[in-house]
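Worksheet: one structure, shown below.
Just so it is clear, none of the values below were taken in a lab; they were calculated from the coordinates. Everything numeric in this text was worked out from a predicted model, so none of it was measured. Here the Cβ is made from the backbone with ideal geometry for all residues, glycine too, and neighbour counts use every protein chain on show.
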Amino acid sequence: MFKLLILFLILFTSSIYSQEKGIINGKVTDKETTNPVPEATVMVINTAFKTVTDAQGNFQFTDIPLGTYEIKVTCLGYEAFIHTDIVVNSSRPADVQIEMLLSNITTGVIDVEGKYFQKNTDVSTSSYSLDFEEVRRAPGAVEDISRMLQIMPGVSPANDGRNDLIVRGGSPAENLTMIDGIEIPNVNHFPTQGSSSGPIGMINVKFIDDVKFSTGGFSARYGDKLSSVMDIRFREGYRKKFLSDINLSTAGFGGIFEGPLFTKKGSFIISARKSYLNLLKGAIRLAAVPDYWDFNLKAVYDFDKNTRLSFIGIGGLDKISFEGESPEISDDNPYGKAKGDQQQFTAGFNLKKLFKKGYWQTVLANSSAFLNYTNYDLRTDELVFKYDSYESDFNFKSEMFYQINNSNNLIIGALPGI
């Protein structure tokens, strides 16, 4: 028995030790053309880890001790860049996407200093770039991207109960949200009809690779929105094996599943989350009982090294019941018993083709929203008011980007709507 115990401790210790290493996977691309940057030097700061990107701009570090790191990337003809807050753990490889800006090549002595912040070349001012770790660790945001953006300059919340973005005094209906080039009418549960806000976010922050947020001065490629643009990029699923993550948070209970597709020429990542406040109704005596599901999905397939098709899906199912007060207390206002049922879904395809100095991209998407609201008399339980609404939008967008030289770009696009 004692020998078995010793053997178990040895195996257990070996297992723990073997998991104290992690992996960093990454890709370096040109920020303007989105083409891969080959032969870029990538180094983990304050370590001996150093490598060079391959022809597709990919790099990998293995056997990295668990912890938080910074990566510095340099390449001839590009500005050096430092990516911070790369968390290495044993559960899944850290994924790093780095975009580099062209620089003028000069002769003589050159001082290479890495920049810590990425610039949005579409917007000269009032633009911010955030990565996953910044969103996850934001205090008070409870892993909700909209609440996190409420602390940005020029943005103010309407109240504590909702994550409305009031940008420079504008309306919450004047904000644009995009995920991988696909417009999302609303990324929140229990939204107000016609607005882009709600009390609880639908986006799983573990899907987020980075967020670009602009509060003014954005280009015509974003359409007719007046206040702000939130451009989110979802990360890809892991292409080498299947991974899963089960979690419980204030937003609900759910899981994430990801893995390879089509003999590793593609990948998928999907999540589902369910609220649990309805299960605690009796214990915490809620007057309004919210019940919701949300789903996030991204799948990609590479036809070749320059052509990629991606699919994005996001949706939410919301139900809420207002119990109201007893008839004895509510004689003056007996219409306090109400029920709400809302559903919203967005799904779209994004086809992107790279060429030497730019890319061509086409997006086809559909967004649907259904709202049902009923109100009953508390005394007789008779239906007093009923409201039904259904909206559906089809969106088609096509654009071509061509880099004329280091200072000038040509962008041509069309954005009809149905």
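Starting from the stretch 212-310, pick out the trypsin sites (Lys or Arg not before Pro) whose DSSP state is loop and whose Cβ has at most 12 other Cβ atoms within 10 Å. For trypsin sites (Lys or Arg not before Pro) across the stretch 212-310 that sit outside H, G, I, E and B with at most 12 neighbouring Cβ atoms in 10 Å, the list reads 240, 241, 264, 285, 305.
For an R0 of 41 angstrom, estimate the FRET efficiency from the Cβ-Cβ distance between residue 193 and residue 47 and round to the nearest 0.05. Result of the calculation: an efficiency of 0.20. Once the Cβ-Cβ distance of residue 245 and residue 74 is raised to the sixth power relative to R0 = 30 Å, the FRET efficiency obtained is 0.35. Here the stretch 20-106 is assigned +1 on the Cβ of each Lys and Arg and -1 on the Cβ of each Asp and Glu. Its dipole about the Cα centre then comes out at about 140 debye. Altogether, the Stokes-Einstein calculation at 4 °C and 1.567 mPa s, with the Kirkwood radius of the stretch 20-106 over Cα pairs as Rh, returns a diffusion coefficient of 99 µm²/s. Can you figure out the FRET efficiency of residue 349 with residue 66, using R₀ = 25 Å and their beta-carbon distance, to the nearest 0.05? Computed FRET efficiency for residue 349 and residue 66 comes out at 0.10.
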